[in-house]
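Colleague: Below is one structure. I have some questions about it.
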């Protein structure tokens, strides 16, 4: 009779230490996962006081990522409707594609994608673009945030308009963005 053995895989090769540690805060019984000793920037949370500032900051962050040489940038929204709405607001400001119905062939460039379609994908940078209290508020949403955050290889930013999700507020420091005159 053959003996079976259990092998526990507990090393993440995808993201930086900072992104992994931030993401693990969304898991109730956080597994003992360690990062492959890759350092990077801490995730950032931006809170805009109106939609104009919100969109401008997302566009600015995408351009900053591109200037740093990041090849694939994923703008992740909770739902397909949120993805479409964001796409319509920024399609004239950025060269961007929306992923719907599994339409991603090659992930080079800037994409908008709902979180449920992002599982298994990875991006050099991830911008979670609807990190507010209307979209992420209960225990099920913690799992979605974990999935969205762990798509990022090198850079993770979260954006919300007006009020950040209490799930995120409890885990991070954040920057309030005001309308500039």
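Colleague: Just one of the numbered conditions (1) in contact (Cβ under 8 Å) with a residue 24 or more places away in the chain; (2) within 16 Å of residue 148 (Cα to Cα) is not true of residue 99; which one?
Modeller: (1)
Colleague: Residue under question is residue 73, and the condition is that it be under 22 Å from residue 42 (Cα atoms), modelled with pLDDT of 95 or more, touching a strand residue (DSSP E or B) at 6+ places or on another chain (Cβ under 8 Å) and not in a helix (DSSP H, G or I); does it hold?
Modeller: Yes: the conditions hold for residue 73.
Conditions tested, residue by residue: (1) surrounded by 24 or more Cβ atoms within 10 Å (Cβ to Cβ); (2) within 25 Å of residue 53 (Cβ to Cβ).
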position: 112; (1), (2): yes, yes
position: 118; (1), (2): no, no
position: 121; (1), (2): no, no
position: 131; (1), (2): yes, yes
position: 137; (1), (2): no, yes
position: 142; (1), (2): no, no
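Colleague: Please go through (1) buried (at least 17 other Cβ atoms within 10 Å of the Cβ); (2) more than 11 Å from the chain's Cα centre (by Cα); (3) within 24 Å of residue 18 (Cβ to Cβ); (4) modelled with pLDDT of 95 or more for residue 82 and return the number of the only condition it doesn't satisfy.
Modeller: Status for residue 82: all satisfied but (3).
The values are calculated or read from the model by the stated rules, or taken from the named source; none is laboratory data. Keep in mind that what you see is a predicted model, and the values were worked out from it rather than measured. Quick reminder, even Gly has a Cβ in these numbers, built from the backbone with ideal geometry, and neighbours come from all protein chains shown.
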